[in-house]
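J.: Pasting in a structure now, in structure tokens, and then I'll have a few things to ask.
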Amino acid sequence: MKVHILDDWFNTLRGLPCFAKLDGHDVTVWTDHEPDPVKLAARIHDAEALVLFRERTSVGADLLTRTPNLRLISQRSVYPHVDVQACTDNGVMLCSNMAGGGPNYAAAEMTLALILASFRQIPQQVASVRAGSWQMGVGRTLRGRTLGLYGYGRIAQAVASYAEAIGMRVQWWASEEGRARALADGRHVAASREAFFATSDVVSLHVRLKPSTRGLISAADLAAMAPRSLLVNTSRSGLIAPGALEGEIAKGRIHAAVDVFDDEPLRDTEHILLTHPNVLPTPHIGFVTEDEFDHQFSDIFDQINAFDAGQPIHVINPNVTD
């Protein structure tokens, strides 16, 4: 099959063990991002299979109607960036492994790294010593502080184990079903949503983005956080109501460590989440490790081979075959 892989910005996939699964296919790897659907369609005009790199490219009817050879889109995990109905209407099968096979430890480790870097002022201290100024301030210890985890999924539970290992207290908030599971597992669930935000020194979001969770975190939630507390988001920017985090950061009251943004790649150097001293921004690298890539794309390439063999797996829109 003619396989096109989008948005492999550092040309990483060709060097991974899993890439051998594409032996025998005609593979094209694009190492830059093309947001314009007309220009992107021209690039991939001969593609029979399209591999998506998480949510870096949106796929809708404006692209699919211009790619008549396309028969398969292969990716992993949730797909808010893909118009499933447009795929079906254009005869394109969408395959995505939703189970994931366990927590994304890379994202969990990134969450802990952001918390540590924020409380210990690591980026600022590095910049200071490189400038010849030595120490620039005094950080804060995490032991004995409270980590509030919003969402009771596998990544959050991995983060909890790391936090407990360094002596943090952990409390939870989630959907009603998630809170019930947390209680059944003997976890400490906050008395109320308001108490969760007000009593957590660090609030970390670990919820999947879908229509029911978009804008889940409100301006009122952020306003309830204590002064100097830290909000960490390694999940999805859309979980926070539009403008709510920017508005709260502008007040200079709380801190934030964010790995995800409304517009990616974010290259607006004047954006408050890139310029404000209370914010530690990273460029959506929570899942970006060689190990995690090999794990995720092994699933994706299995989907391509299964489709090519006439036995597709992880099919999201099975009615496309109708």
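J.: Nearest 5 is fine: what % of DSSP beta bridges in the chain come out antiparallel, could you say?
T.: The antiparallel proportion sits near 5 percent.
J.: Excluding ligands, DNA and RNA, what is the solvent-accessible area per residue of the chain at a probe of 1.4 Å, expressed in Å²?
T.: On a per-residue basis, 46 Å².
J.: If you don't mind, another one. Measure nothing but the geometry: give the 0 to 90° angle between the long axis through the Cα atoms of 290-308 and the longest principal axis through the Cα atoms of the chain, rounded to 10°.
T.: For helix 290-308, the angle is close to 30 degrees.
J.: If you don't mind, another one. Hull surface divided by four, with the convex hull built on the Cα atoms of the chain: how many nm²?
T.: Approximately 18.1 nm², given one-decimal rounding.
J.: Which of Ser128, Ser298, Ser229 moves most in a GNM of the chain, Cα contacts under 10 Å?
T.: Its mean-square fluctuation being the largest, the pick is Ser128.
J.: Would you mind putting 175-183, 70-78, 90-98 in packing order, based on average other-beta-carbon counts within 10 Å, highest first?
T.: Packing order, densest peptide first, comes out as 70-78, 90-98, 175-183.
J.: Still on this structure: Quick one: helix 154-165 against the long Cα principal axis of the chain, what's the angle to the nearest 10°, folded into 0 to 90?
T.: Helix 154-165 sits roughly 30 degrees off the main axis of the chain.
J.: Considering only protein heavy atoms and a 1.4 Å probe, what is the carbon-and-sulfur percentage of the accessible area of segment 30-161?
T.: 52
J.: So what is the relative contact order for the chain, in percent, with contacts set as C-alpha pairs under 8 Å and at least six apart?
T.: 18
J.: Check the straight Cα-Cα distances from Lys21 and name the lysines below 23 Å, setting aside those fewer than 8 residues away within the same chain.
T.: By straight Cα distance, Lys21 reaches Lys2.
J.: While we're looking at this one, here's another question. Quick one: pull the percent of accessible area on segment 196-322 belonging to carbon and sulfur, 1.4 Å probe, ligands and nucleic acids left out.
T.: Summing carbon and sulfur atoms, their accessible area is 52 percent of the total for segment 196-322.
J.: Ok, one more. Within 10 Å of each candidate Cβ there may be at most 11 other Cβ atoms; applying that plus a DSSP loop requirement, which trypsin sites (Lys or Arg not before Pro) in segment 238-267 survive?
T.: For trypsin sites (Lys or Arg not before Pro) across segment 238-267 that sit outside H, G, I, E and B with at most 11 neighbouring Cβ atoms in 10 Å, the list reads Lys251, Arg267.
The values are calculated or read from the model by the stated rules, or taken from the named source; none is laboratory data. Small disclaimer: the values here were computed from a predicted structure and weren't measured. No Cβ is skipped: glycine too gets one built from the backbone with ideal geometry, and neighbour counts run over all protein chains shown. Please note that ligands, DNA and RNA were not included when accessible areas were found on the heavy atoms of the full protein model with its side chains. Shrake-Rupley method; radii C 1.70, N 1.55, O 1.52, S 1.80 Å.
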